[in-house]
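Asks: One structure, as C-alpha cells, below. Some questions next.
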Amino acid sequence: MILRGQFTRRRKALLILVLVVLGWLGYAWYAGIAITQGLEQQDMDWNGDGTVSRTEVLQSFYAVGVNTTEDGNRHCKAFYWRRTGEQIRVDCRTVFAEGKPAK
C-alpha cells in the first residue's frame, strides 16, 4: 500500500492543497471563467493592443468570463469582465458537421 505509516502534516497539507485547487477548478468551470474554456494564449489579448502580457494571462484565471452561444452552425464566445459585466469582444466561428458531404 502506498500510504504506510502515519498521515503526517506534510501529507495533510498536500491533500488540503489538492482539494482546494480541485474546488477552485470546479467553481471556475461552473462560473464560466475564461481559463476553463480552452483558450490559447494568443486569444487572451483583453485590451486589444496586439500583445498578450502576463497580466492578461493572469486575468483569465479570475477576471474574465465567457458566455458560449450556438445558433445553427455558428458558435460564438462572448468575453466579458466579471466584475462589471462589460463586454470585451465576441469570437464567432462557423462549424461544419463532420461526415456530412456538401450538397
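Asks: Filter the trypsin sites (Lys or Arg not before Pro) in the stretch 1-41 to those in DSSP coil with at most 14 other Cβ atoms within 10 Å of their Cβ, and list the result. Mind dumping the intermediate values first?
Replies: Working: sites: Arg4, Arg9, Arg10, Arg11, Lys12; in loops: Arg4.
For trypsin sites (Lys or Arg not before Pro) across the stretch 1-41 that sit outside H, G, I, E and B with at most 14 neighbouring Cβ atoms in 10 Å, the list reads Arg4.
Asks: Could you work out the per residue convex hull volume over the alpha carbons of the chain, in cubic angstrom?
Replies: 180 Å³
Asks: If you don't mind, another one. Below 8 Å between Cα atoms, with a sequence gap of 6+, how large is the relative contact order for the stretch 9-94 in percent? Present the calculation step by step, with values, prior to reporting the outcome.
Replies: On the way: 97 pairs, mean separation 16.6, N = 86.
With pairs under 8 Å counted, the relative contact order is 19 percent.
Asks: If you line up the long axis of helix 9-31 against the longest principal axis of the chain, both from Cα atoms, how many degrees apart are they, to the nearest 10?
Replies: The answer is roughly 20 degrees.
Asks: Could you work out how much longer the chain between Arg82 and Leu19 gets when fully extended? Use 0.36 nm per residue separation minus the Cα distance between them, nm to one decimal. Don't jump to the answer; show the numbers that get you there.
Replies: Details: separation 63, 0.36 × 63 = 22.68 nm, distance 2.45 nm.
Once the chain is fully extended between Arg82 and Leu19, it gains 20.2 nm.
Asks: Exposed loop chymotrypsin sites (Phe, Trp or Tyr not before Pro) only (DSSP loop, at most 15 other Cβ atoms within 10 Å): please give the longest stretch of the chain free of them, not including the sites.
Replies: Details: sites that count: Phe7, Phe96.
Counting at most 15 other Cβ atoms within 10 Å as exposed, the longest clean stretch of the chain is 8-95.
Asks: Given the DSSP H assignment, sum -39500 (n - 2.57) over each helix run of at least 4 residues in the chain and divide by its residue total; what's the result at 222 nm in deg cm²/dmol, nearest 500?
Replies: When only DSSP H runs of four or more count, the value is -10500 deg cm²/dmol.
Bear in mind that the values in this text are calculations on the coordinates, not laboratory data. Remember, predicted model here, so these are calculated numbers, not experimental data. Glycine gets a Cβ as well: all are built from the backbone with ideal geometry, and neighbour counts include every protein chain shown.
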